[in-house]
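Reading through the structure tokens given below for one structure.
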Amino acid sequence: MAEPFAERGAGRWSTRASVRLRTTAAAVLVVAVALLLGALVLVAMVRGSLRDGVEAGAEQRAAELAAQVEATGPPGPGERDPDDDPDDDGDEDEPEELVWQVLDVAGRVVAASQPLGATLPRDEDEVRLAGADQPYLVVTEDADRDEDGGTAAYGVVVAASLEDVEESTDALVAPLTLGLPLVLLLVGGTTWVVAGRALAPVERIRREVEGITGDRLDRRVPEPPARDEVRRLAVTMNAMLARLQTSSERQQQFVADASHELRSPLASIRQTAEVAREHPGALPEGELAEAVLEESARMQRLVEQLLLLTRADEGALVRTHRDVDLDDLALTEARRVRRAGLTVDTGAVAPGRVQGDPLALAQVVRNLVDNAARHATSAVALAVTDHGDAVELAVEDDGAGVPEADRERVFERFVRLDDARARDAGGSGLGLAIVRETVAAHGGTVAVSGSSLGGARFVVRLPAAYRDERS
């Protein structure tokens, strides 16, 4: 079914009009409706009050006439009402403001304030009299008089002009008709100015955001001094821009470092291949294949680590949550790196169970053990300690250690300290970064300090797995 034209037009206007215009229009509309209803109620109340006053006066006059009829009988035909204005020689064709008639049982007029040419109706609230521009309000009163031979019943009918009511109402409508538009203009202008000032910071924010590009994320939107929603919006946008700037800088550095790391094995493979092509007998048999395998394995490890960090950035590093025995992982890695000339002490490995992704936690233990083995002189020590609410894994070596100034930086991506930059001894610079991201994803912490062996001591602290006390 097609949308009605009026609804489509209203919808287009509401989407195209500015907030300032819509706010002003809404304010004017609400005030207009309120003022119009108020004016109508005021006119109705004033009109009703004036009408009640006219009706009260007519009822009082009718009661007086009824009392006179009961006391002395109705006035004679053509007799003037003593309450009429004696100086009013008025036009008989134009009724007075208050006229009355006394009717007998047959409905005949036996007395009247002035000739009207018609009998006033007793069963109507208003009546139009000949020669009058405004209607008359009709009030009736019964009167019984004892006369010879019985009781005579009369009816007193009083009609009061509503001319003053109409004139007073018209006098009230005129200023309302002129004043309402002026009030609406004042409300509209005030709303327009106030809305403009309130939205001015938003427009400044919009202009600033419009000029922010991918290479200008250092810019910030102005924060208005008022502690309102607009300021909170500006603060939130600046925080978002700061996060975007940090993410962009981190991404650029990440791409640059990854490109540098990948360039080295590729250059080594190419150099070996060029030597083998130009000088076929210069390389021992099988050296080209070994070089290609070694460097491709290095690239594979680097790519896998990059993908792992990418999942960490996306919050998808932990895929499963299961009970994991951290002591089993530590003992497995100790057996792997044990070799001639390197002592691996696992005497302090005690049972310790945590909850998390088994593969991710195994990668944490492997990276720490590989780092210790790479920098150790002759000994590596592993320890697992259960503290009740947390389980600690400590990996120590007797190498050169980590300088105190670099103990936070060592967990950053592609960071290798000066004494570990040699390709033969150093890694990719991603192992400890993966450790920190993985541990953080599991709700734990990792820190490095000096070791009693003389080298570095890395400590990972993870929340312990839930224990059922009933078991």
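The values are calculated or read from the model by the stated rules, or taken from the named source; none is laboratory data. Since we're looking at a predicted model, the values are computed, not measured. Note: ideal-geometry Cβ built from the backbone for every residue, glycine included; neighbour counts use all protein chains shown. Surface accessibility is based on the protein's heavy atoms, side chains included, excluding ligands, DNA and RNA. Shrake-Rupley method; radii C 1.70, N 1.55, O 1.52, S 1.80 Å.
Mind running the shape call on the stretch 203-311? Use the C-alpha gyration tensor, a ≥ b ≥ c as the square roots of the eigenvalues: rounded below 1.5 for a/c, prolate if a/b tops b/c, oblate otherwise. In terms of gyration-tensor shape, prolate. Annotation: the antiparallel percentage among DSSP beta bridges lying fully within the stretch 344-398 is about 65. A simple spin-label model places the labels of residue 464 and residue 32 7.3 nm from each other, with each point 7 Å out along Cα-to-Cβ.
Fully extending the segment from residue 235 to residue 125, taken as 0.36 nm per residue of separation minus the present Cα-Cα distance, adds 32.5 nm. Measuring with a 1.4 angstrom probe and ignoring ligands and nucleic acids, residue 412 comes out at about 80 Å² accessible.
Model label points for residue 227 and residue 296, set 7 angstrom from Cα along the Cα-to-Cβ axis, are 6.6 nm apart.
For residue 323 and residue 449, the FRET efficiency from 1/(1 + (r/R0)^6), where r spans their Cβ atoms and R0 equals 30 Å, is about 0.55. Applying 1/(1 + (r/R0)^6) with R0 = 25 Å to the Cβ-Cβ distance of residue 190 and residue 219 gives a FRET efficiency near 0.10. Ordered from highest to lowest accessible area with the whole protein assembly present and a 1.4 Å probe, 45, 237 read as 45, 237. Between residue 204 and residue 282, the contour length at 0.36 nm per residue exceeds the alpha carbon distance by 21.1 nm. The order of 177, 191 by accessible area, most exposed first and with a 1.4 Å probe, is 177, 191.
Computed extension gain for residue 255 through residue 307, at 0.36 nm per residue and net of the alpha carbon distance, reaches 17.5 nm. A protection proxy built from the mean count of other Cβ atoms within 10 Å ranks the segments 133-142, 274-283, most packed first, as 133-142, 274-283. Measuring only protein heavy atoms, the 1.4 Å probe finds residue 254 accessible over about 40 Å². Here r is the Cβ-Cβ distance between residue 148 and residue 40 and R0 is 45 Å; the resulting FRET efficiency, rounded to 0.05, is 0.20.
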